[in-house]
Amino acid sequence: MKIPFGKPILDDAERNAVMDVLAGPILVHGPKATEFEDAFAGYTGAPNAVSVSSCTAGLHLVYFAKGIGAGDEVIVPAMTHTATAHAVELAGATPVFVDAESQTGNIDINAIEAAITKRTKAISIVHFLGMPVDMERVNGIAAKHGLLVVEDAALAVGTMLDGVHAGLLGDVGVFSFYPVKHMTTAEGGMIITRDKVFADDLRLKKAFGVDRTHGERKIPGMYDVVALGFNYRMSEIHAAIGIEQIKKLPDFLAKREANYQALERALSGVDGVTLLKSSFGRFKSSYYCLSAILDAEMAHLRPDIMDAMKTMGVGTSVYYPQPVPRMTYYREKYGYDAKAYPNAERISDQSIALPVGPHLSEDDMKVVAAALKNAIHEVTK
Ligand SMILES: *Cc1c(COP(=O)(O)O)cnc(C)c1O
């Protein structure tokens, strides 16, 4: 593949950082995780950052720590990664899905209130492909009903609304450092929040509910357990990679933006394709990828178009392959009413995700655009 959809950018900086950790005695509970938390807090402007083993773990930890569980409901966007909903399920609560709006793929804020019941405890949102949700409106609804606002910010490193970084727009935000995201630690995640008491509770509950950290123990091995908790820690090896990646982050994000804009220009006026809306005014995307939505009449040709592009050396993907409530697990558990999620269905069934990552150049964007145009031409002739 000449132009892969995603590719982590790692070099001697990450390799040496990992080797340094391996040369020392501390693999967990060490200075690297703290240093990475501080760097991420500095980058986003968060007063508190808590490293975790993945975004999914972080989301689960948030609901668990807030005591959201059996009998409770959480509003979840239908158009997201399954982890957004799984975290609610894992906590024992019930996800109540809300359709996307058609322009950005973000949750349809107009439809949130109708989904709120006496059991609702939280609203979760996802900044879809990095495009910020209008959080002022979401927070307004949440305040009216006394609900927690959870941002699944897995694709939102670099996402800003009114100059405020994603994750600080609601009550708590969780990021992912999975390999193809904006930056990586191989596996990993970070929770940020303005609430220090909550952050301390998350720290306690991500590590068995043990009452004191290693550094605080007078007698080694002596501690008490004051709460139920997981082992959702990030290791020193993962954190060491993150410290190096965050130094490169401004460059990664600038390249994504330049690539996105070059690709958007190159695709303007292509027949049969609509692009999801990206940054405008107060809304600044992190440009995870460019989502091109095929007209309904062409939707059945999507596999052929993606295949033709692959033959031309251009990798593509689908974000996300199904509305989450249509996934077998959720469909079998809760039933599925297709008419309830027309916009999520359109994005799942008709869109092609095009690469804009920092592993690519603006010249590559010309190749991607030409490949899409030629592929459409080929399969419709
Ligand atoms: C990738 C992704 C996740 C899962 O992140 P992990 O770190 O792999 O757990 C969750 N939510 C969204 C929106 C994602 O894109």
Legend entry - Long-range neighbours under 9 Å by Cβ, at least six apart or interchain, first residue in contact (Cβ under 8 Å) with a residue 24 or more places away in the chain and among the hydrophobic types (A, V, I, L, M, F, W, C) within the stretch 1-29, second assigned to a loop (DSSP other than H, G, I, E, B) and surrounded by fewer than 16 Cβ atoms within 10 Å (Cβ to Cβ): MET1/GLY313; ILE3/GLY313; VAL21/LEU27
Legend entry - Number of the condition not met by GLY242 [criteria: (1) away from the ligand (no atom under 16 Å from the Cβ); (2) within 19 Å of the chain's Cα centre (by Cα)]: (1)
Inset, instruction - Give me the pairs, please: first residue somewhere in the stretch 83-104 and farther than 17 Å from TYR63 by Cα and of a type in the set (Gly, Ala, Ser), second residue anywhere and at pLDDT 95 or above and assigned to a strand (DSSP E or B), beta-carbon distance under 8 Å, and either six or more positions apart or on two chains. - result: ALA100/PRO77; ALA100/ILE107
Legend entry - Residue count, the stretch 156-214 (criterion: within 15 Å of the ligand (Cβ to nearest atom) and part of a helix (DSSP H, G or I)): 0
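Taking the criterion of being within 27 Å of SER54 (Cβ to Cβ) and among the basic types (Lys, Arg), would at least one residue in the stretch 132-145 satisfy it?
No, because not a single residue in the stretch 132-145 is within 27 Å of SER54 (Cβ to Cβ) and among the basic types (Lys, Arg).
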Legend entry - Elements of type helices (runs of 4 or more DSSP H) in the stretch 294-375, at least 1 residues being touching a residue at least 12 places away in the same chain (Cβ under 8 Å), farther than 27 Å from LYS2 by Cβ and touching a helix residue (DSSP H, G or I) at 6+ places or on another chain (Cβ under 8 Å): 328-334, 342-350
Inset, instruction - Search the stretch 1-46 for residues being more than 19 Å from the chain's Cα centre (by Cα), part of a helix (DSSP H, G or I) and charged (D, E, K, R), and hand back the single one that is farthest from HIS182 (Cα to Cα). - result: ASP20
Inset, instruction - Report whether or not GLU89 is in contact with a helix residue (DSSP H, G or I) (Cβ under 7 Å, 6 or more places away or on another chain), modelled with pLDDT of 95 or more and surrounded by fewer than 22 Cβ atoms within 10 Å (Cβ to Cβ). - result: no
Inset, instruction - Within the stretch 48-88, count every residue that is in a strand (DSSP E or B), of a type in the set (Val, Ile, Thr) and more than 10 Å from the ligand (Cβ to nearest atom). - result: 4
Legend entry - Residue, surrounded by the fewest Cβ atoms within 10 Å (Cβ to Cβ), within the stretch 203-224, restricted to residues that are touching an Asp or Glu at 6+ places or on another chain (Cβ under 7 Å) and at pLDDT 85 or above: ASP224
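The values are calculated or read from the model by the stated rules, or taken from the named source; none is laboratory data. Quick caveat, the model's predicted, so the values are computed rather than measured. A quick note on method: Cβ atoms are made from the backbone with ideal geometry, for glycine too, and the neighbour counts reach across all protein chains shown.
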